[in-house]
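Notes for the one structure printed next.
Read-outs throughout are calculated quantities, based only on the coordinates presented, and are distinct from any laboratory measurement. Predicted model, so just to flag it, every value in this text is computed and none were measured. Cβ placement follows ideal geometry from the backbone for every residue including glycine, while neighbour counts extend to all protein chains displayed.
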Amino acid sequence: MLATHRYFKRRQKTSPGRKYPASAVVLNGFLLCLSTGAIADKASAPAHAPRLRPVGEASAPAHAPYLHPVGSDKVLLTPMTVYDDLIYPELIEQPRMRNQLDRNALQATEMSNLNGVLRSQSGLTLAQGSGQMMTGISLRGASGGQGLITLDGVPLFANFAGFYSLSHYSLDALDRVTVTRGSGGERHGSRTLGGAIHLRTRQLQAKDSFLHVEGGSYDTVRGATGTGLTTKAGDFSAVVGRSDVFNGISQAQNGAERDDFGMTHASGNWSKEFNRGGLDASVYFVRTDEDIDGPGLVLPRRTTGWVDDKRGRLSDETWVAQLRGQYNLASYWNSSLQFGFTQDRQKMASTAIRPFSLTSQLFMLDWKNTHRLPLSADSRNQALLVWGINTQQQHALNLPVTQTVVSPNVRGELIMGAWQWSADARSDHGDTYGDHQVFSLGANRSLPQNMSVWANGGTGYRQPGVSELMHPVFGNKALQGEHNAGGEIGWRWRPLPASEVKVSGYYQNYQQMITMQLDARTGVTRAGNIQEADVWGAEMQSQHRWTSVWESGLNYSYMTTKNPVTHLRVPARPEHQGVFWNEVQLLQQLKLRVELTVRSGYWFDVANTVRAHSAPRVNALLKYQLTSKTDVYLRGENITDERTPELNDFNFNGAAFYLGLRTGF
């Protein structure tokens with residue numbers, strides 16, 4: 001008889017020492033690995049390829065099978081990690097810059113929402129006003145509307161072109177955040193051109209129940225709690241939370257009125273495993289109500305800008321739901337079908353704008369078939385083929401706009417010795433913006449001393465989402481679809497288990513790039529197309545543990561963006577960005593983390609006449625462990641009180657401090 005240890009990444013379950021019949025172990029283990037898209041046992045990995053595992057997760061033991069004494073029919077197999085990844089069923093380590101923040105990494109900073117953790121990512125630019133308002137996002141120069149952020153594989157709507165409410169996604173509700181860069185959008189359901197941000201809602205067991213509360217500057221109070229339950233009907237988990245800012249700063253740069261903010265969020269997950277497949281479902285809800293400012297005449301320049309508005313009010317409500325089933329049709333064939341839905345409803349009123357309501361909805365159906373084939377007896381050489389159809393329909397309620405896109409897609413991956421190859425293609429068939437075909441190619445080469453090099457290239461296309469077209473204030477019904485072509489080369493080195501250096505350089509040519517565009521003569525901002533843009537850039541990411549109590553990291557991005565037609569710079573794209581952090585264990589229970597973020601100046605407007613100045617900022621965290629499940633912390637944000645605005649006419653939060661408690665039960 002065979003006995004095996006299997007670790008299920010999906011729900012953190014373990015089954016140590018359980019006995020299985022030999023046929024069941026071999027067949028079920030192989031099929032499960034096929035369905036999840038990764039075989040992490042050392043015996044099945046290429047000799048020269050790095051083992052794939054989420055950031056921060058320890059390696060499975062790598063010792064040989066242990067044979068019991070003569071006469072025993074039991075063999076204890078090497079522990080094996082089985083990966084259930086709905087977004088990335090893949091064979092190779094992708095030939096591009098990619099960062100994955102697991103639960104431990106998200107919790108390490110004790111930030112309240114996505115704004116805090118995403119600022120440390122190279123190639124990613126964030127521009128925000130007051131602490132709760134929506135954030136402008138660009139990845140390698142490209143912004144995006146619907147699809148720049150996905151939740152459990154479902155593309156989300158932007159508030160308008162390139163702007164998302166990152167504060168609506170509490171880190172307490174997330175298990176993982178993955179940032180991808182470059183081409184290959186069909187892999188994860190996003191069609192954005194410079195990359196995307198993928199969120200996974202949190203899945204909990206009963207032993208993972210938690211309570212998290214904090215309060216501090218601007219009369220802020222936040223709280224969240226979550227728990228899980230395992231039954232014969234499946235595994236259930238839920239997280240709920242509430243955030244209130246009772247005395248926030250004015251959105252307007254020169255405003256004096258205080259603006260409040262309130263948010264309620266809730267998420268739930270269910271999953272059930274069967275003999276040859278499984279089902280999982282998730283739902284996420286968030287609603288915010290906040291004071292806002294509005295457009296008005298700004299003196300002395302006598303142009304339109306953002307000013308205090310006592311009548312300004314914004315309500316935003318988002319629903320995201322998905323149901324996915326997967327089944328092993330054969331030992332080499334796994335098929336999955338996912339249905340996704342999201343709705344975003346914005347209601348706004350101000351003195352200068354007639355009250356409006358904009359409701360955007362998206363329905364998605366994604367059918368995927370995965371074939372994994374060993375090409376050698378020892379499985380050192382393997383091939384992966386994924387094919388399917390992704391269909392998305394989006395529309396704005398009570399408005400004459402509907403878009404449907406049907407996208408057959410195919411992807412292949414191949415490991416041959418030290419080489420890893422990948423290729424993918426997608427064909428969009430749209431009823432509004434026509435047909436478009438895109439592709440990408442990539443290669444990895446493993447080198448001695450835990451080094452590797454990679455290269456990739458490809459094309460992309462994205463049509464504007466309905467919220468970009470129909471937003472009453474910032475939308476533009478005349479927007480055209482944007483497309484690009486480019487490539488990247490990179491080098492990776494892992495000298496030690498807790499150390500890594502990654503360097504890459506890239507070039508992208510964008511046609512009809514969609515951006516928010518400020519006209520400095522009138523002060524009016526709305527979405528528009530930039531006829532052409534050339535983007536050159538380089539990124540560096542490094543992390544090193546110097547001693548058992550000291551760890552640090554440095555991320556740096558260089559990017560130059562230029563319109564070759566006008567010879568002007570693309571607005572809101574800083575040339576230099578950097579993050580340097582240190583984490584020190586001062587005492588056995590006491591830890592200090594300090595983070596410095598720096599960005600250079602950039603232009604606010606398309607005519608390059610209004611400039612944003614450079615801004616260095618410092619965050620700090622002091623955390624004390626009371627028990628194995630309870631921490632108290634003091635977090636300081638922008639403790640240097642650097643108030644240089646990131647958005648024209650908008651304020652930026654000054655120094656803020658928060659005291660918090662996190663405990664498990």
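Compute the distance in nm between two label points, each set 7 Å from the Cα along the Cα-to-Cβ direction, one at LEU592 and one at ARG302.
In this crude spin-label approximation the distance works out to 5.5 nm.
Rounded to the nearest Å, what's the spacing between the alpha carbon centres of segment 166-230 and segment 578-613? Just the number, please.
With segment 166-230 and segment 578-613 each reduced to a Cα centre, they are spaced 22 Å.
List the residues whose amide H sits under 5 Å from the amide H of TYR169, counting only those 5 or more places along or on another chain, with H placed 1.01 Å from N in the peptide plane.
LEU114
Would you tally the net charge around ILE197, using a Cβ to Cβ cut-off of less than 12 Å, leaving ILE197 out, and scoring K and R as +1, D and E as -1?
Summing Lys/Arg as +1 and Asp/Glu as -1 gives +4.
For the chain, just say rounded, prolate or oblate: build the C-alpha gyration tensor, square-root its eigenvalues into a ≥ b ≥ c, call rounded for a/c under 1.5, and beyond that prolate if a/b exceeds b/c, oblate if not.
Here the chain falls in the prolate category.
For the cross-link pairs LYS368/LYS502; LYS591/LYS629; LYS207/LYS272; LYS207/LYS232, which exceed 24 Å when the distance is taken from alpha carbon to alpha carbon?
As for pairs spanning more than 24 Å Cα to Cα, those are LYS368/LYS502.
Could you work out how far helix 22-36 tilts from the main Cα principal axis of the chain, as a 0 to 90 degree angle to the nearest 10?
Helix 22-36 and the main axis of the chain meet at about 20 degrees.
What shape does segment 557-665 take by its C-alpha gyration tensor, where a ≥ b ≥ c are the square roots of the eigenvalues and a/c under 1.5 counts as rounded, a/b above b/c as prolate, and the rest as oblate?
The shape class here is prolate.
Give, rounded to the nearest 20 debye, the magnitude of the charge dipole that the chain has about its Cα centre when Lys and Arg contribute +1 at Cβ and Asp and Glu contribute -1 at Cβ.
For this selection, approximately 1280 debye.
For LEU568, enumerate residues with amide H under 5 Å from its amide H, sequence gap 5+ or separate chain, H modeled in the peptide plane.
ASN563
What does the charge count around LEU314 come to, taking other residues whose C-beta lies under 9 Å from its C-beta (Lys +1, Arg +1, Asp -1, Glu -1)?
My count for the surroundings of LEU314 gives -2.
If you plug each phi of segment 146-155 into the Karplus form 6.51 cos²θ - 1.76 cosθ + 1.60 with θ = phi - 60°, what whole-Hz ³J(HN,Hα) values come out, in order, with x for Gly and Pro?
With the stated coefficients, segment 146-155 comes to 4, x, 4, 10, 10, 10, 6, x, 9, x Hz.
Taking θ as phi - 60°, what are the ³J(HN,Hα) couplings along segment 365-370 by the Karplus curve (6.51, -1.76, 1.60), each to the nearest whole Hz, with x for Gly and Pro?
Coupling constants for segment 365-370: 10, 10, 10, 9, 10, 10 Hz.
For the chain, what is the calculated [θ] at 222 nm in deg cm²/dmol (nearest 500), taking -39500 (n - 2.57) for each run of four or more DSSP H residues and dividing by its residue count?
That calculation yields -1000 deg cm²/dmol at 222 nm.
Amide H neighbours of ALA612 under 5 Å, counting only residues 5+ apart in sequence or on other chains, H built in-plane at 1.01 Å?
The answer is TYR602, TRP603, PHE604.
Which of the listed residues, LEU621, PRO564, GLY325, is farthest toward the dipole's positive end in the chain, when Lys, Arg count +1 and Asp, Glu count -1 at the beta-carbon?
Value: GLY325.
At a 10 angstrom cut-off on C-beta neighbours, averaged per residue, how do the peptides 569-581, 475-487 rank from highest to lowest?
Put in order of decreasing packing, that is 569-581, 475-487.
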